[in-house]
Amino acid sequence: MGIKPTAQTSCVGLSAPPDLDQAGVDVFWMEKALLLAAQAEANNEVPVGALIVYEGKCIAAACNAPISLNDPTAHAEIRALRAAGHYLNNYRLPDTTLYVTLEPCSMCAGAMVHARIARVAFASHDPRTGACGSVYNLLQSEQLNHRCQIDYGFCADKSTQLLKDFFRRRRMKPAALDS
C-alpha cells in the first residue's frame, strides 16, 4: 500500500490549506486520518485512524488501540472523541466534523450521537459492522434525539487497500498478531 506513519503523525493544531474547496478539505483531512491508520497498523492494530476538526482546525487525532491498551472501546473514533472533549472542555462536540478511515461501528456511532457531532466523513464502508448505512444507520435514526450529516468515499480506495493488506497479512500469521 505504501502509507507509512511519520515520526510525528499527530495533526492536532493543523488547519487545511485555505485555497481548498470542501472536497479538497475532506481529502486533506482523510489523508491525515490514513497516516493515523498506518500508525495503528505499525502497532499490529486494525488500521483505522480518526480525527476531529473544529472551526477549521484539528483538535483531536487517534488510531485504533484496543489490542495494545487491552480496551475493547479503544477504537480510533472513541479515542478521538475523548481527546476532543478534553480539548473543548465539554462532553458535547457540536459544530465538529469527525473524519475516520472506516465506517464507524454501532458503539462509535452511538458515542458520536451522544457527543452531538455535526458531521461524520468516512473513507470505506464496513459491510459487516458499519453503523452509518451499511448495516445500520444510527447517525440518522429518527428514534434518536440527534442526527449527524454523513459523507463518505474520500480516499476510499487507499483505505480499503490498507485494510485488505492488513487482513491478508494477518491471515498468514495469526498467532504473531493475536499474542
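The values are calculated or read from the model by the stated rules, or taken from the named source; none is laboratory data. Everything quoted here is computed from the prediction, not taken from an experiment. Here the Cβ is made from the backbone with ideal geometry for all residues, glycine too, and neighbour counts use every protein chain on show. Surface areas here come from the heavy atoms of the whole protein model, side chains and all, with no ligands, DNA or RNA. Shrake-Rupley method; radii C 1.70, N 1.55, O 1.52, S 1.80 Å.
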**OP:** Using the structure shown, decide if N70 is open to solvent by 30 Å² or more (accessible area, probe 1.4 Å), in contact (Cβ under 8 Å) with a residue 40 or more places away in the chain and out of contact with any Cys (no Cβ under 9 Å at 6 or more places or on another chain).
**Re:** no
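Give L162, L139 a once-over and let me know the one that is touching a residue at least 60 places away in the same chain (Cβ under 8 Å), of a type in the set (A, V, I, L, M, F, W, C) and either surrounded by 16 or more Cβ atoms within 10 Å (Cβ to Cβ) or part of a loop (DSSP other than H, G, I, E, B) (or both).
Residue meeting the stated conditions: L162.
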Original post:
Out of segment 39-75, which residues are assigned to a helix (DSSP H, G or I) and in contact with a Ser or Thr (Cβ under 8 Å, 6 or more places away or on another chain)?
Top reply: Q39
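Restrict the check to segment 121-136 and report whether at least one residue is within 23 Å of G56 (Cβ to Cβ), touching a Cys at 6+ places or on another chain (Cβ under 6 Å), at pLDDT 95 or above and not in a strand (DSSP E or B).
Looking for residues that are within 23 Å of G56 (Cβ to Cβ), touching a Cys at 6+ places or on another chain (Cβ under 6 Å), at pLDDT 95 or above and not in a strand (DSSP E or B), one finds none in segment 121-136, hence no.
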**OP:** Quick one: which residue in Y91, Y99, Y87 is of a type in the set (F, W, Y), over 21 Å from Q22 (Cα atoms) and touching a helix residue (DSSP H, G or I) at 6+ places or on another chain (Cβ under 7 Å)?
**Re:** Y91
Subject >> Where L35 falls short, out of the listed (1) part of a helix (DSSP H, G or I); (2) open to solvent by 30 Å² or more (accessible area, probe 1.4 Å); (3) closer than 16 Å to T96 by Cα >> reply: (3)
**OP:** Please work out which residue is farthest from the chain's Cα centre (by Cα), limiting yourself to segment 49-60 and to residues that are crowded, with 20+ Cβ neighbours inside 10 Å and farther than 14 Å from A121 by Cβ.
**Re:** I59
**OP:** Would you mention how many residues in segment 89-108 are open to solvent by less than 20 Å² (accessible area, probe 1.4 Å), out of contact with any Gly (no Cβ under 9 Å at 6 or more places or on another chain) and either more than 24 Å from K57 (Cβ to Cβ) or of a type in the set (A, V, I, L, M) (or both)?
**Re:** 1
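For every residue, the table says whether it meets (1) among the acidic types (D, E); (2) touching a His at 6+ places or on another chain (Cβ under 8 Å).
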| position | (1), (2) |
| --- | --- |
| C105 | no, yes |
| V120 | no, no |
| C148 | no, no |
| D151 | yes, no |
| M172 | no, no |
